[in-house]
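Okay, structure first, notes after.
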Amino acid sequence: MRDPNRIYKFCGRLAKAWSMLPDWRFGQLMMNALGEMAHGGRDPFFPEEDEMIEFLEKFCEGSPYRMRRDEDKEEKKNE
């Protein structure tokens, strides 16, 4: 049996990633992210939670719709 506590860890990380795209509803986030995963050749049905959350975090961080934090804006200025 999988550790049920993994669910809380996953959901905490999901909340942090989703907060980068606060205008998106949950369904929009999942459809866009899982579509991107499938487009990349990985069936979203099969990844374990560690692979899935890493994908979702990278997806949200790389999204052009991402809400930038102030320190992100500073980094962009200094590049």
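Just so you know, all these numbers are worked out from the coordinates, no wet-lab data involved. Quantities reported herein were computed from a predicted structural model and do not represent experimental measurements. All Cβ positions, glycine included, derive from the backbone under ideal geometry; neighbour counts span all protein chains shown.
Counting only residues that are within 14 Å of Ile7 (Cα to Cα) and either in contact with a Phe, Trp or Tyr (Cβ under 9 Å, 6 or more places away or on another chain) or not in a loop (DSSP other than H, G, I, E, B) (or both), how many does the stretch 48-61 have?
Summing the residues that are within 14 Å of Ile7 (Cα to Cα) and either in contact with a Phe, Trp or Tyr (Cβ under 9 Å, 6 or more places away or on another chain) or not in a loop (DSSP other than H, G, I, E, B) (or both) in the stretch 48-61 gives 5.
Has the stretch 37-47 got any residue that is of a type in the set (A, V, I, L, M, F, W, C), more than 11 Å from the chain's Cα centre (by Cα), in a loop (DSSP other than H, G, I, E, B) and under 15 Å from Gly62 (Cβ atoms)?
Checked against the condition, which is being of a type in the set (A, V, I, L, M, F, W, C), more than 11 Å from the chain's Cα centre (by Cα), in a loop (DSSP other than H, G, I, E, B) and under 15 Å from Gly62 (Cβ atoms), the stretch 37-47 yields no hits at all.
Across the stretch 1-29, what is the number of residues that are within 9 Å of the chain's Cα centre (by Cα), under 18 Å from Pro64 (Cβ atoms) and assigned to a helix (DSSP H, G or I)?
Residues meeting the conditions: 3.
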